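Here is the structure we will look at.
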Amino acid sequence: MKYGILGIGQAGLRHFNAFNNIKNVKLLGFTEFDLKKAKKFEKKFNVKHFKKLEGIISLKPDFIIIALPHSFRLEPIKLCCKNNINLLIEKPLVLNTRELKIINKYISKKNLIHSISFVHRYRKEVLNAKKIIDNKKIGKVKFISETMISQKNNHLPNWIDNKKISGGGVLLYNAIHSIDKICFIADSKIDNVFANKTNINENIDVEDVINISLKFKNGVFANLIATFLPYVTTPKWETKIFGSSGQVDINIRKGFELISNNKFKKFDYSNYYKKNGPNYSFNIQAKSYIKSIKTKKPPLVNLDDGINSVKIVDAIYESIRKNKIIKMKY
């Protein structure tokens, strides 16, 4: 199977490393704005750098990974879909619902397998906790609490602070992963949202702190707090799922705990991550996506997940602007 990559920044390289570990999957070519970075990658892996996407398309790839900055995805998505190419797209799918309307007729082709890189859904602790929840080990899910504390380190691209390119701050770069995870666990569409934001770093024009309340159509409530701090901090990504007869606490890259009927069970995945690395979910996602293309079956994260996430983000920003609860429109 043959593929191309658009953008070899931090995310693009993680995708490349993941697919590079799969037999009979070959990278045909890539695009990259940073010519110094492109030449280095081209020489190291003997893969052709293309200035334009059309060069990769001419080689007839089976799929293309889009890992470009948020505002640069619209035209590549349209062009790839016009040429019947399957897509794995970094989150978010596009900037907003306006762009969503533009690409809708292209990306909704029935014969293509598209996925959005909500890569954390493929983590072992998330998938196994989800099985326990689906098996009613904690009864009916009632409330989900999510805390995401992270540091904006020097390895991250500068464009994430440019609202015209990124579309937003911590919500679009980090918390959108949390929203996907919460939706996955709640197993329901969102009914309404309420949110507010602030800034610790007042020198940027995108938010670095956000607080979001979500009400799902099946009655589940959730609260998400996410920060993107401009200084060294102790990172934390914790999800607490409270059911009618117990709870599950997920700690990303560590494991999860089950508390039910006065019993406590710990699932420790520290050795799993020591062996495979902290970003092994990219490998799981890559294998899953290849399988979906071969079998023509929908991936774990499908196109609807990407579409709905854009609509949720828009509703959250609308709630912040209007300081009111926003009813979701699907």
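Side notes on the structure shown:
- Panel values: the chain, Kirkwood radius from alpha carbon pairs, Stokes-Einstein at 4 °C and 1.567 mPa s, translational diffusion coefficient 63 µm²/s.
- Largest-first ellipsoid semi-axes for region 115-234, taking √(5λ) over the Cα gyration tensor eigenvalues, angstrom: 28, 16, 13
- Most mobile of Tyr173, Tyr231, Tyr106 in a GNM of the chain (Cα contacts under 10 Å): Tyr231
- The label-point distance for Asn21 and Leu35, in a model that sets each label 7 Å from Cα toward Cβ, rounds to 3.5 nm.
- Close amide H partners of Gly169, meaning residues 5 or more places away or on another chain with modelled amide H under 5 Å apart, are Glu207.
- Cα-centre dipole for the chain with unit charges at Cβ (Lys and Arg positive, Asp and Glu negative), debye to 20: 1140
- 5 Å-binned pair-distance histogram of region 8-54 (Cα, whole percent): 5, 21, 32, 29, 11, 3
- Antiparallel content of DSSP bridges confined to the chain, in %, to 5: 60
- Relative contact order (%) - the chain, alpha-carbon pairs under 8 angstrom, separation at least six: 20
- Rounded to the nearest 10 degrees, the inclination of helix 176-186 to the longest alpha-carbon principal axis of the chain is 50 degrees.
- When the square roots of the Cα gyration tensor eigenvalues are ordered a ≥ b ≥ c, the ratio a/c for region 191-275 is 1.5 or more and a/b does not exceed b/c, which makes its shape oblate.
- Exceeding the 30 Å Cα-Cα cut-off - candidates Lys91/Lys217; Lys51/Lys197; Lys60/Lys274; Lys39/Lys294; Lys110/Lys136; Lys152/Lys274: Lys51/Lys197; Lys60/Lys274; Lys39/Lys294; Lys110/Lys136
- Ratio Rg/Rh, restricted to region 59-198 and using Cα atoms, in which Rh is the Kirkwood radius: 0.99
- Summing +1 for each Lys or Arg and -1 for each Asp or Glu among the other residues whose beta-carbon sits under 14 angstrom from that of Leu100 gives +4.
- When each of the peptides 312-324, 125-137 is scored by how many other beta carbons lie within 10 Å of its residues on average, the order from highest to lowest is 312-324, 125-137.
- Separation of alpha-carbon centers, region 303-326 and region 184-209, rounded to whole Å: 9
- Total formal charge among the other residues, if their Cβ is under 13 angstrom from that of Asp34, Lys/Arg +1 and Asp/Glu -1: +3
- Springs join every pair of Cα atoms under 10 Å in this Gaussian network model of the chain, and among Val206, Val141, Val25 the largest mean-square fluctuation is at Val25.
- Counting beta carbons within 10 Å around each of Val47, Val301 and listing the fewest first gives the order Val47, Val301.
- Length added when fully stretched, Thr233-Lys296, from 0.36 nm per residue minus Cα-Cα: 18.3 nm
- Highest-fluctuation residue, Asn24, Asn262, Asn283 considered, GNM on the chain with Cα pairs under 10 Å: Asn262
- The shape of region 2-112 can be summarised by an equivalent ellipsoid whose semi-axes, obtained from the alpha carbon gyration tensor, come to 23, 15, 12 Å from longest to shortest.
- C-alpha long axis of helix 281-295 to longest principal axis of the chain, angle in °: 70
- Long-range amide H partners of Lys2 with built H, under 5 Å: Lys26, Asp62, Phe63
- Whole-number D in µm² s⁻¹ for region 160-221, Kirkwood Cα-pair radius fed into Stokes-Einstein, 25 °C, 0.890 mPa s: 194
- Shown is the FRET efficiency for Glu318 and Phe143, computed with R0 = 25 Å from the Cβ-Cβ distance and rounded to the nearest 0.05: 0.55.
Read the figures in this text as sums done on the coordinates, not as results from a lab. As the structure is a prediction and not an experimental result, all values here were calculated from the model. When we count neighbours, we look across all protein chains shown, and the Cβ atoms used for this are built from the backbone with ideal geometry, even at glycine.
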